Amino acid sequence: MNDLLPDAVERWQRIEGVARAVLAAYGYREIRFPVVEKTELFARSIGSLTDIVEKEMYTFEDSNHESLTLRPEGTAGCVRAGIENGLLHNQVQRFWYGGPMFRHERPQKGRYRQFHQIGVEAFGMEGPDVDVEQILMCVRLWRALGVDGLTLQINSLGTPAARAAYRKVLVRYLETRRAELDADSLRRLDKNPLRILDSKNPAMQDVIAGAPELAAHLDDESRAHFAQLRALLDGAGVRYEVNPRLVRGLDYYTRTVFEWASERLGAQSAVCAGGRYDGLVELLGGRPAPAAGFALGLERLVELLSPPAGAPANAPQVYLALIGTSVVEPGLKLAESLRDLGLRVECNCGGGSLTAQIKRADRSGARFALLLGQEEHEQHAVAVKDLRAGAGQELVGLAAVGDYLRRKLA
Ligand code: HAM
């Protein structure tokens, strides 16, 4: 769980600001739901045999002996909130959310126990048009952030019935190669065999390569849905790779699944992932409603941003140095009047020599230092020093200094 220091926060805010604008451009509205939910919600939706539910949840009993869990992802809470507030029945909805998620995973670069997602969920649309729209939304987001080199993988998981039939075929095959399975795969064989296809263990790759493909066992409707998805992506000029081994680590998916990854991130390469989950609303007690969404990992995405040039966007524009205690009162007033004009002003509090205050002004990132001493105060003026333009300073009357600064900063 990481502390985010002010420089990092500013980079995050850039992503959040761009995402907010891009999501609004597609009609997505923000929804906020609790960080803590009943444990059962996650067990039912994500799947009790998934890694997340089996070993990664922060679960505790509250004083009413109710089992609660810090949310490991946002889809379950979003669907619960939608059902409880009557937003999903016979309606088309587009929601987005952001915030911390918690998984007790083995920490490494790009994998944390508290991490942050921006997620979107769309309800009431069968797709694949809305699936493609969500992918286009990602494309626009990457472009707006100046992030390139991300690759898109897609797959279709079909209906639960098709997947159950495929599961039998897969288990039969894996049994024939039981001796080659690693400990993780052996554990998954009975419970969640599809996840074996997702194994990153090099020793397992030969077994995986020989496995029957889910694509060959898809039901006709899912096959048509996937063909249409690909045609729409082609029509939109989106490049992608069909990865028949892409299965995802959460059980609620049906049909379309996708993942954006970057080689620059090392082992934890997935930046953004999602897909359809047409059965989840009903599973959680709502009337059946098709749904699709994705979530991106902010810690990973921020790694891909180029470092910002120059001073942070919210750095002060003006640093007001106050020389001597007698000018503190007029100084605070002057700072307020400049802020009234919309300027960002850092006022020197706590005294200090002129040299020390100029140093602070430099470090603050402000373009201008204003020097107010007893002498300037008596002349109803302030000395203005352009910190980015060599030495020299100019005496400007108090009544004019606001306009003077605004003109220079425009
Ligand atoms: P997910 O694939 O588990 O999907 O997570 C989505 C993204 O969150 C990942 O691609 C990754 O960037 C980031 N992420 C996941 N775990 C960690 C971690 N431990 N540390 C850092 N980043 C992480 C979901 O959560 C689904 N709810 C997405 C979705 C929404 N599907 C439909 N709607």
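Restricting attention to region 50-59, which residues are open to solvent by less than 40 Å² (accessible area, probe 1.4 Å) and without any contact (Cβ under 8 Å) to a residue 40 or more places away in the chain? Talk me through it step by step, then tell me what you get.
Of region 50-59, the ones open to solvent by less than 40 Å² (accessible area, probe 1.4 Å) are 50-53, 56-57.
Residue satisfying the conditions is VAL53 alone.
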Result of the Cβ filter at 9 Å on region 115-134, keeping first residues that are closer than 16 Å to ALA227 by Cα and touching a residue at least 24 places away in the same chain (Cβ under 8 Å) and partners that are within 12 Å of the ligand (Cβ to nearest atom) and among the acidic types (Asp, Glu), at least 6 apart or interchain, is GLU126/ASP278; GLY127/ASP278
Within region 75-86, of all residues that are touching a residue at least 24 places away in the same chain (Cβ under 8 Å) and open to solvent by 20 Å² or more (accessible area, probe 1.4 Å), the one farthest from the ligand (Cβ to nearest atom) is ILE83
Checked pairs for region 60-72, first of a type in the set (Gly, Ala, Ser) and in a strand (DSSP E or B), second open to solvent by less than 40 Å² (accessible area, probe 1.4 Å) and at pLDDT 95 or above, C-beta under 9 Å and 6 or more apart or across chains, list as SER67/THR39
Subset of region 89-125, residues exposed (fewer than 15 other Cβ atoms within 10 Å of the Cβ) and not in a strand (DSSP E or B), comes to HIS89, ASN90, GLN91, VAL92, HIS104, ARG106, PRO107, LYS109
Taking region 99-130 and keeping residues among the charged types (D, E, K, R) and within 11 Å of the ligand (Cβ to nearest atom) leaves ARG103, GLU105, ARG106, LYS109, ARG111, ARG113, GLU121
task: Would you check if ALA270 is assigned by TED's automatic domain parsing to the domain that holds ILE15, within 16 Å of the ligand (Cβ to nearest atom) and in contact (Cβ under 8 Å) with a residue 60 or more places away in the chain?
output: no
Filtering region 1-49 for residues that are open to solvent by 50 Å² or more (accessible area, probe 1.4 Å), farther than 18 Å from ALA311 by Cα and not in a loop (DSSP other than H, G, I, E, B) leaves a count of 11
Filtering region 131-150 for residues that are surrounded by 15 or more Cβ atoms within 10 Å (Cβ to Cβ) and not in a helix (DSSP H, G or I) leaves a count of 2
- Message: Condition check: open to solvent by less than 10 Å² (accessible area, probe 1.4 Å) and under 23 Å from the mean Cα position of the chain (by Cα). Does LEU298 satisfy that?
- Response: yes
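Output the number of residues of region 201-258 satisfying the condition of being among the aliphatic types (A, V, I, L, M) and either in a loop (DSSP other than H, G, I, E, B) or surrounded by fewer than 17 Cβ atoms within 10 Å (Cβ to Cβ) (or both).
16
The values are calculated or read from the model by the stated rules, or taken from the named source; none is laboratory data. No experiment lies behind these values; they were computed from the predicted model shown. Cβ coordinates were reconstructed from backbone atoms using ideal geometry, including for glycine residues, and neighbour counts include every protein chain displayed. Keep in mind that these areas ignore ligands, DNA and RNA; they rest on the heavy atoms of the full protein, side chains included. Shrake-Rupley method; radii C 1.70, N 1.55, O 1.52, S 1.80 Å.
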